[in-house]
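A short worksheet on the structure shown next.
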Amino acid sequence: MADRVLFVGWGMPVRGREERAIEVFNESVGLYGRMQQDGRIESFDLVLLGANTALGGCALLNGTAAQVAALQEDEEFRRTIIDASMIVDGLNVIAGYANEGVGAEMALYAEAAAKVPQHA
């Protein structure tokens, strides 16, 4: 089961680049589908957000630690991210934890928190 995630978040398309933004979005979705079929990721989720000033949407690419690490080095994935960086503001690619990975990460956090003096 996927215990890691790669968050790909983006803001609004650069004005005048909206058509290219749609193309890159569709190319990205196709790539994620192929990666899932090939076993390079376990699954992916797409999110489009309502009107706001911070984030237009995101893709969550789910996999194991090895899959997420390999994904970040995958040339086709990197090319897609570079394409996206040319036409959207606020592009973020962030590795994180999901499912069972959250429990393990929170255990490390709790261990560190226990070493910090607490103030009332």
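The values are calculated or read from the model by the stated rules, or taken from the named source; none is laboratory data. This one's a predicted model, so the numbers in the text were calculated from it and none came from an experiment. No Cβ is skipped: glycine too gets one built from the backbone with ideal geometry, and neighbour counts run over all protein chains shown. Accessible surface areas use protein heavy atoms only, side chains included; no ligands, DNA or RNA. Shrake-Rupley method; radii C 1.70, N 1.55, O 1.52, S 1.80 Å.
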If you scan segment 2-23, which residues turn out to be part of a strand (DSSP E or B) and either on the phi > 0 side of the Ramachandran plot or open to solvent by less than 40 Å² (accessible area, probe 1.4 Å) (or both)? Val5, Leu6, Val8, Gly9
Looking for something among the charged types (D, E, K, R), open to solvent by less than 50 Å² (accessible area, probe 1.4 Å) and under 30 Å from Glu18 (Cβ atoms) - is there at least one such residue anywhere in segment 73-84? yes
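Which members of segment 1-39 meet the condition of being of a type in the set (Val, Ile, Thr) and under 11 Å from Ala84 (Cα atoms)?
Our first condition is that a residue be of a type in the set (Val, Ile, Thr); within segment 1-39, this holds for 5, 8, 14, 22, 24, 29.
Selection gives Val8, Val14, Ile22, Val24.
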Can you pull out every residue in segment 29-43 that is charged (D, E, K, R) and open to solvent by 80 Å² or more (accessible area, probe 1.4 Å)? Arg34, Asp38
Exactly one of Asn26, Asn99, Asn52 is open to solvent by 80 Å² or more (accessible area, probe 1.4 Å) and at pLDDT below 95, and that one is Asn99
Please identify the pairs in which a residue from segment 99-110 that is in contact (Cβ under 8 Å) with a residue 60 or more places away in the chain has its Cβ atom under 7 Å from the Cβ atom of a residue that is open to solvent by 60 Å² or more (accessible area, probe 1.4 Å), counting only partners at least 6 apart or on another chain. Asn99/Met1; Glu100/Met1; Gly101/Arg4
Unmet criterion (only one of (1) of a type outside the set (S, T, N, Q); (2) touching a helix residue (DSSP H, G or I) at 6+ places or on another chain (Cβ under 8 Å); (3) open to solvent by 50 Å² or more (accessible area, probe 1.4 Å); (4) part of a helix (DSSP H, G or I)) for Leu46: (4)
